[in-house]
């Protein structure tokens, strides 16, 4: 009789325990996935996240099939009602016709794009923005600022302080604009340049 | 000078006007209101209240263009203004040497400062006017040239 009375109780406990373990496991799995994909839990609770991409890479090739541009990012997330998507660690590599290449990267950015997501209007890069150009002939140079706007056709613009470093040159200025296709850069105000080494 | 089809007048003036040594390894510092760099040509242009300081020599100009060779080495600094001015306060000079011209260019590989267009240099009470004046850092010499309309003139005060 005892066995008959305790059997359903054990079975019930077993089912409950299994359910609890499954629930805990599911929570751990979801939490782990959320942490891994960097989606703020709060945004999911409020249901504001509309689009999300993780470890995205976009490549553009020229007519000869050679790689021209490559944009990578750790993540891109778009929240409902916002006109921009937030990009984490954007990194743009531009290959030039002369064999050199330039890189533009930042810790984060905001991409304002068209509704069909085929074109972007502008990308505002923020926090440790760096534009690097590698050339065996001229040496490498690097331009640093805290905020930079990248437009389609690769025009760049900033009102922030910028510094440009090169093995033989150090330049600081306030404000800059440029065309990454033509390689023309203009520094707007308070330009201080120092050329070093034997002239 | 060949452009004008005239012979060149060479005045090597060791005294009383004198030039001296520049610290060739000294950095060149340039301040300006704004600047532009064109990567394919390697030309950098500074505009607006341009001040270039190289060792003990200071250049003031409205615009300064910097030209590079394909290897990235600087070939020429070209300062233009109304006028562009130059001042050298080297310790070896008895008095500061000042100069002015419509354009002043510095050729670092040759070690020459060239003043062109209503050029004038002055040291103390001594003055040299010429269409073109060249200051040779290595040779510590000053050369002047004439053109089709004017020739060098010099005023030396007795000491």
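Apply the a/c threshold of 1.5 to the C-alpha gyration tensor of region B:19-86 and tell me whether it is rounded, prolate or oblate. Here region B:19-86 falls in the oblate category.
When you look at the Cβ of every residue in A:125-135, what mean number of other chain Cβ atoms sits within 10 Å?
Counting other chains' Cβ atoms within 10 Å and averaging over A:125-135 gives 0.
Working from label points 7 Å from Cα in the Cα-to-Cβ sense, the residue A:160 to residue B:69 distance is 3.9 nm. Per residue of peptide B:47-57, the mean number of Cβ atoms on other chains within 10 Å of the residue Cβ is 1. Sorting B:99-105, B:145-151, A:108-114 by average packing, meaning the other beta carbons within 10 Å per residue, from highest down gives B:99-105, A:108-114, B:145-151.
Peptide B:39-46 shows a mean partner chain C-beta count of 4 within 10 Å per residue C-beta.
Set the Förster radius R0 to 22 Å, insert the Cβ-Cβ distance between residue A:80 and residue A:55 as r into 1/(1 + (r/R0)^6), and round the FRET efficiency to 0.05. FRET efficiency, residue A:80 to residue A:55: 0.45. Please work out whether region A:48-195 counts as rounded, prolate or oblate from its C-alpha gyration tensor, where a ≥ b ≥ c are the square roots of the eigenvalues and a/c under 1.5 means rounded, while otherwise a/b larger than b/c means prolate and anything else oblate? Oblate shape, in that a/c is at least 1.5 and b/c is the bigger or equal ratio.
Were the residues from residue B:127 through residue B:154 laid out at 0.36 nm apart, the gain over their Cα-Cα distance would be 9.1 nm. Taking other Cβ atoms within 10 Å as a rough exposure proxy, B:41, B:57 sort from fewest to most as B:41, B:57.
FYI, it's all coordinate maths here, none of it is from the lab. None of these values were measured; they are calculated from a predicted model. When we count neighbours, we look across all protein chains shown, and the Cβ atoms used for this are built from the backbone with ideal geometry, even at glycine.
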